[in-house]
Amino acid sequence: MQGIEQLRDISRQVLALSPADETEVVLVSTDEHLTRFANNEIHQNVAETNLEVRVRVALGNSVGVATGNGFEARDLQAVIDTAIRLAQSQPDNEEWPGLPEPDNRFTDVPGFEPGTASTSPRVRAEAVERVTRPAHESGCVASGALSTSAFELSVANSKDLFVYYPWTQADFVTVVMSDSGSGYSAASHKDINHIDTHSLGEEAIRTAVMSQNPIDVDPGEWDVVLDAYAVADMVRFLGILGLNGAALVEQRSFATGHMGETVTGENVTLVDDALDADTLPMPIDYEGLPRQKVTLIEEGVVKGVTWDRYWASRAGTQSTGHALPAPNPWGPMPDRLQMAAGDTPRADLIKGMKRGLFVTRFNYTRAVHPVKTIVTGLTRDGTFLVEDGEIVGPVKNLRFTESYLDAFSRIEAISQERRLLLSSYSGSSLVPSVRIRGFTFTGKTQF
Amino acid sequence: MRDYTNRALDTAGTLGATYADVRVSEKRTQSIVVKNGRVEGVEEADSAGFGVRVLVEGSWGFASSYLRSFEEIDRVVEQAVRIARASATVRSPKVEGVRLGSPVTSVGTYNTPYETDPFTVPITQKIDLLLAADGEMRAVQGVTISNGSMHFQREHKFFASSEGSFVEQLLVESGAGISANAAAQGEFQRRSYPNSFGGQFVTGGYEHVLGMGLTENAGRVASEAVALLSGPACSGGTFDIIISGPQVALQVHESCGHPIELDRVFGTEAAYAGTSFLTPDKLYNLQYGSEIVNIVADATSPNGLGTFGYDDEGVPAQRTDIIKDGRFVGYITSREDAQKLHRLVPDAPEASNGTMRANDWNRLPLIRMTNINLAPGPWKVDDLIADTENGLYLDMNRSWSIDDKRLNFQFGCEVGYEIKDGKLGQMVKDPIYTGITPEFWNSCDAICDDWTLWGLPNCGKGQPSQLSHVGHGASTARFRNVRILGK
């Protein structure tokens with residue numbers, strides 16, 4: 001960890017050296033540790049220490065960005081010189097909104113747990129053994145990863161803006177394999193003490209044992225209960241495909257031309273909330289502005305998207321504090337998604353099904369049509385046939401090709417319980433399990 | 001540099017490591033993105049650091065840092081050893097400690113050959129080229145988003161090991177591409193050139209970007225995107241399909257390149273990317289594809305994105321048969337996993353074939369594809385179309401998905417053309433084909449000679465995640481009786 005004063009000093013140094021009309025300095029400190037296991041043993045175990053400086057300069061309306069991780073004076077000068085050279089090489093961009101003024105309307109939400117930051121390799125190994133030993137005793141093979149990391153972000157600019165935020169992140173995932181089945185569990189939190197690897201391991205082992213000797217079922221339309229792991233994928237895609245300002249402006253969002261209209265089921269409410277202390281909070285963005293809670297979909301009506309300053313200025317609105325590191329070709333993504341819970345206990349979701357499938361999670365999902373939110377993928381690690389409200393046995397994995405928004409419009413029940421899960425490419429989601437009528441499966445595989 | 005690497009290796013030995021290696025890397029990347037007539041972003045990024053891998057008590061530890069003082073080297077090595085000792089406390093009773101086989105003692109250098117260093121080309125020149133192509137696309141009415149981008153990378157890296165390896169490499173990459181999006185009334189279509197998702201990438205210089213013909217193809221790309229908006233949707237059914245080279249490249253990547261990664265086979269990627277249907281009992285036994293299908297792993301292919309001099313264990317780049325006359329005959333391996341395989345399958349080589357690659361100083365090397373190449377065939381594309389009575393021609397990937405053992409796949413393409421009585425006909429949109437890997441490759445009955453070594457810069461694997469740059473030589477090819485999803 002660098003500390004606020006060290007990052008402030010580096011920021012001041014860079015700002016003093018830069019001759020640009022506007023200068024922004026973003027510093028990200030990383031202290032990341034990951035213990036990976038497979039075949040019931042730790043096979044990869046890694047640590048990374050890094051500090052990155054990202055300098056964005058504007059010469060009039062021409063912008064250049066350079067990054068580096070050297071901090072001698074000559075290294076910092078080199079980064080500035082590179083950013084200047086890049087800015088000088090460009091035509092004016094009349095849509096450049098300029099760097100922001102300081103905005104002190106931050107929500108003070110603690111995100112740093114010292115115990116997580118100082119977790120030792122030995123402690124991670126012990127936590128992993130609480131999964132591998134029971135897996136071995138059950139005749140199963142456990143794989144997975146446990147990470148404990150500490151980060152710091154500071155943003156400073158030539159308009160006297162300076163913000164700083166430290167945070168920690170613990171993440172656990174396991175896939176447990178039996179002879180012919182597999183199970184999965186995962187959890188994330190800022191505090192390692194909230195990750196109970198033994199219970200999570202038991203969950204995956206149970207599924208792995210139950211899912212042995214799966215039978216074939218035919219694709220087609222099936223009523224399904226999707227566990228939270230699958231629902232997390234669905235909300236992530238809705239965020240990426242349509243609930244960010246870039247997609248809206250570029251007409252590749254389902255919300256383009258439909259803001260304020262019903263786009264999915266009235267029992268669906270989705271927000272982006274990085275200020276929730278019980279999740280993985282992040283009160284600032286990469287332009288140094290306060291993150292705002294954004295209501296994306298409320299009772300099925302699309303209400304808003306997330307913005308940074310660039311895309312907000314193009315749309316004639318205000319940033320919601322969702323800037324990612326510049327230059328950002330993907331747009332201001334919502335990355336702390338929360339889907340509202342329902343009133344059905346998770347264990348009761350399958351009771352409402354005459355005949356259907358229980359799906360633990362989705363795998364290798366890809367967008368087929370972004371505007372229609374059609375996504376394809378497969379089930380994985382525990383798919384079960386349900387008849388008359390009871391699980392009767394495991395089935396082989398199926399491929400789906402389905403519109404996520406349309407599927408959400410056929411939600412019949414939502415669980416009371418929610419899980420906090422890390423997304424594949426940063427961010428998190430807090431999501432329930434759901435029961436959906438008529439989910440479209442288009443193929444199947446051999447296991 | 002030797003002072004630094006020797007310090008790391010000596011410290012590791014003192015602390016009890018039976019093997020140690022260290023990689024030191026300095027990497028520079030440059031990205032330029034234009035969109036709708038504007039420069040969307042220009043960035044140069046420098047990243048330098050080192051990573052140390054140690055074997056202690058039969059288990060691995062790895063630690064890395066951006067600071068390169070002797071004090072930091074000592075700290076990081078001590079950290080790696082401590083991590084390895086912790087790893088050793090959780091070992092399966094069925095698994096022995098790590099065995100690496102015969103020592104690797106490579107000493108040498110490798111530099112990517114190029115004519116024009118892309119980092120010496122003025123940014124203004126690159127922007128002008130992209131904006132010219134962008135202008136051609138925007139001139140077509142109906143285009144909503146015109147995109148162009150260039151990406152360049154230069155990595156100067158060193159590898160040294162306690163066995164005596166010391167190699168230095170300078171790897172240079174260049175890539176560029178364009179795409180046009182058309183959107184109207186909830187419909188959205190895209191066409192890309194020369195490949196989707198960023199374009200074409202090579203190891204080599206700026207001369208490759210100049211040779212791509214971005215401006216010359218921009219108008220066609222835009223016109224096709226607009227035409228697709230109002231075109232008919234592809235019909236579903238079972239068809240003979242002819243797939244263009246870029247799409248075949250991705251097919252090879254997903255359905256062959258990944259399942260031949262030996263670490264997947266041994267279960268060490270089960271928690272993330274998955275495992276493989278190509279289990280060791282299938283080696284030398286499985287008819288993976290038809291007899292005309294021949295696939296190699298070749299880290300020596302000129303200008304391949306997966307081309308280098310030595311892998312990140314110091315093993316020299318080499319060429320390995322993977323599929324020969326349709327039969328499955330080889331994996332891509334590491335020192336450790338090649339030893340494991342040889343114990344299970346005595347006919348399998350016990351030495352690594354040099355495919356351990358880390359994408360940066362802060363990542364552990366994993367078995368990654370190099371250039372996984374499908375050998376060309378004798379057909380001309382026009383002749384193959386003329387030879388096809390009733391089918392579809394599919395071009396350029398739009399979406400891809402495959403199961404975690406690499407069997408059931410589904411690919412969407414940007415465009416299709418109906419083939420009737422040997423002639424290309426109606427353009428259709430949203431063509432999607434699906435299948436099971438060995439059934440699909442056994443249905444391949446013709447491969448063309450329009451071979452190109454395509455570069456894919458975004459292959460994801462590992463925890464923490466890393467993106468590898470890989471290559472796939474591929475040609476247009478025909479596959480019989482393939483299921484198409486559609487109306």
Practice problem: Please give the per residue accessible area of chain B, computed with a probe of 1.4 Å over protein heavy atoms only, in Å². | Solution: 33
Practice problem: For the stretch B:197-345, just say rounded, prolate or oblate: build the C-alpha gyration tensor, square-root its eigenvalues into a ≥ b ≥ c, call rounded for a/c under 1.5, and beyond that prolate if a/b exceeds b/c, oblate if not. | Solution: oblate
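What is the interface area between chains B and A, defined as buried accessible area summed over both chains with a 1.4 Å probe, reported in Å² to the nearest 100?
Heavy-atom accessible area buried at this interface is about 6700 Å².
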Quiz item: In nm², what is the average projected area of the convex hull enclosing the Cα atoms of the stretch A:352-447?
Solution: 6.7
Quiz item: What are the semi-axes of the equivalent ellipsoid of the stretch A:280-357, taken as the square roots of 5 times the eigenvalues of the Cα gyration tensor, listed largest first and rounded to whole Å?
Solution: 35, 14, 12
Practice problem: Output ³J(HN,Hα) for the stretch A:12-26: one whole-Hz value per residue in order, computed from phi by the Karplus curve 6.51 cos²θ - 1.76 cosθ + 1.60 with θ = phi - 60°, and x for Gly and Pro. | Solution: 4, 4, 5, 4, 5, 7, 7, x, 5, 5, 9, 9, 10, 10, 10
Exercise. Please report, in Å, the Rg and the Dmax of the stretch B:273-338, where both are computed over Cα atoms only.
Key: 13.3, 35
Quiz prompt | Distance-filtered residues of the stretch B:315-335 - backbone nitrogen under 13 Å, label point 7 angstrom along B:Tyr110 Cα→Cβ | solution = B:315-320
Self-check item: Base-10 log of normalised Debye intensity for the stretch B:155-208 (one unit scatterer per alpha-carbon) at q = 0.19, 0.28 Å⁻¹
Solution: -0.76, -1.02
Exercise. Give me the orientation-averaged projected area of the Cα convex hull of the stretch A:197-352, in nm², one decimal.
Key: 12.4
Exercise. Please report, to two decimal places, log10 I(q)/I(0) for the stretch A:396-447 at q = 0.22, 0.24 Å⁻¹ as given by the Debye formula with identical point scatterers on the Cα atoms and no solvent.
Key: -1.01, -1.02
Exercise. At a temperature of 4 °C and a viscosity of 1.567 mPa s, determine how fast the protein assembly as shown diffuses translationally according to Stokes-Einstein, using the Kirkwood radius over alpha-carbon pairs as Rh; express D in µm²/s, rounded to the nearest whole number.
Key: 46
Exercise. Report, in order of residue number, the helices in chain B meeting two criteria: a C-alpha extent of 15 Å or more along the helix axis, and a mean Kyte-Doolittle hydropathy of at least -1.0; treat each whole DSSP H run as one helix.
Key: B:70-87, B:123-138, B:214-230
Quiz item: On the accessible surface of the stretch A:290-372, probed at 1.4 Å, how many percent belong to carbon and sulfur atoms?
Solution: 48
Exercise. Kindly identify residues of the stretch A:348-369 having a loss of at least 40 Å² in accessible area between the isolated chain and the assembly of all protein chains, probe radius 1.4 Å.
Key: A:Tyr364, A:Arg366, A:Val368, A:His369
Quiz prompt | Three-way shape call for chain B based on the alpha-carbon gyration tensor, with the a/c threshold at 1.5 | solution = oblate
Self-check item: Per-residue ³J(HN,Hα) for the stretch A:224-240, Karplus 6.51 cos²θ - 1.76 cosθ + 1.60, θ = phi - 60°, Hz, x for Gly and Pro
Solution: 9, 9, 9, 5, 4, 4, 6, 5, 4, 5, 5, 5, 4, 5, 4, x, 5
Quiz item: Per residue, how many Å² of accessible area does the stretch A:371-447 show with a 1.4 Å probe?
Solution: 31
Quiz item: If the cut-off is a Cα-Cα distance under 21 Å, which lysines reach B:Lys324, setting aside same-chain residues fewer than 8 apart in sequence?
Solution: B:Lys282
Quiz item: Quick one: Kirkwood hydrodynamic radius for the stretch B:1-73, alpha-carbon pairs, angstrom, one decimal?
Solution: 14.5
Self-check item: Reachable lysines, given that their alpha-carbon falls under 30 Å from the alpha-carbon of A:Lys354 and they are not under 8 places away in the same chain
Solution: A:Lys372, A:Lys396, A:Lys444, B:Lys487
Quiz prompt | Environment charge at B:Thr279 (Cβ cut-off 11 Å; Lys +1, Arg +1, Asp -1, Glu -1) | solution = +2
Self-check item: Residues in the stretch B:19-67 that, when all protein chains are in place, have 30 Å² or more less accessible area than the chain alone would give (probe 1.4 Å)
Solution: B:Lys35, B:Arg38, B:Val39, B:Glu40, B:Val42, B:Glu43, B:Glu44, B:Asp46, B:Trp60, B:Phe62, B:Ser64, B:Tyr66
Quiz item: Counting other Cβ atoms within 10 Å, which GluC sites (Glu not before Pro) in the stretch B:242-343 have at most 14 and lie in a DSSP loop?
Solution: B:Glu291
Exercise. Would you mind telling me the share, in percent, of accessible area of the stretch A:181-287 contributed by carbon and sulfur at probe 1.4 angstrom?
Key: 46
Quiz item: Rg and Dmax of the stretch B:335-487, Cα atoms, in Å?
Solution: 18.8, 56
Practice problem: Give me the lysines in straight-line cross-link reach of A:Lys190: C-alpha distance below 28 Å, same-chain residues under 8 apart excluded. | Solution: A:Lys293, B:Lys461
Exercise. Hey, can you grab everything whose amide H is under 5 Å from the amide H of A:Ser428? Only 5+ residues off in sequence or another chain; H modelled, so Pro and N-termini drop out.
Key: A:Arg336, A:Leu337, A:Ser423
Practice problem: Would you work out the relative contact order for the stretch A:330-447, in percent, from Cα pairs under 8 angstrom that are 6 or more residues apart? | Solution: 31
Quiz item: Which order do peptides A:92-98, B:243-249, A:15-21, A:320-326 fall in by mean Cβ count within 10 Å, highest first?
Solution: B:243-249, A:320-326, A:15-21, A:92-98
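Sequence gap at least 6, Cα distance under 8 Å: using those rules, report the relative contact order of chain B to the nearest whole percent.
On the way: 1315 pairs, mean separation 75.9, N = 487.
Worked out over chain B, it gives 16 percent.
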Exercise. Throw me the Rg/Rh for the stretch A:43-176, computed over C-alpha atoms with Kirkwood Rh, two decimals.
Key: 1.16
Quiz item: Which part of the stretch A:284-307 falls in the paramagnetic zone of A:Met259, meaning amide N under 20 Å from the point 7 Å along Cα-to-beta-carbon?
Solution: A:290-307
Quiz item: What does a probe at B:Ser69 reach in the stretch A:44-61, counting residues whose amide N is under 18 Å from the point 7 Å along Cα→Cβ?
Solution: A:49-52
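Out of every Cα pair in the stretch A:230-318, what percent are spaced more than 24 Å from each other?
Of the Cα pairs, 19 percent sit more than 24 Å apart.
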Quiz item: Between the stretch A:393-447 and the stretch B:116-153, what is the C-alpha centre distance in whole Å?
Solution: 40
Exercise. Return, for the Cα atoms of chain A, the radius of gyration and Dmax in Å, separated by a comma.
Key: 23.4, 72
Exercise. Would you pull out the residues with amide H under 5 Å of B:Gly49's amide H, same chain only if 5 or more places away, H placed 1.01 Å from N?
Key: B:Ser25
Exercise. Using only the Cα atoms of the stretch A:179-248, construct the convex hull and provide its projected area averaged over every direction, in square nanometres to one decimal.
Key: 7.8
Quiz prompt | Angstrom value of the Kirkwood radius, inverse mean 1/r, which spans all Cα pairs in the stretch B:141-285 | solution = 19.3
Quiz item: Which whole-number value in Å³ per residue fits the convex hull of the alpha carbons of the stretch B:49-123?
Solution: 190
Quiz item: With labels modelled as points extended 7 Å from the Cα through the Cβ direction, what inter-label distance (nm, one decimal) is found for B:Ser102 paired with B:Gln287?
Solution: 3.6
Exercise. Pick out, in residue order, every one of the GluC sites (Glu not before Pro) in the stretch A:176-276 that is DSSP loop and has at most 15 other C-beta atoms within 10 Å; say none if there are none.
Key: A:Glu261, A:Glu266
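The values are calculated or read from the model by the stated rules, or taken from the named source; none is laboratory data. Everything numeric in this text was worked out from a predicted model, so none of it was measured. As a convention, Cβ positions derive from the backbone with ideal geometry for all residues, glycine included, and neighbour counts pool all protein chains shown. The protein model used for the area step is the full one, side chains on, heavy atoms only, and it has no ligands, DNA or RNA in it. Shrake-Rupley method; radii C 1.70, N 1.55, O 1.52, S 1.80 Å.
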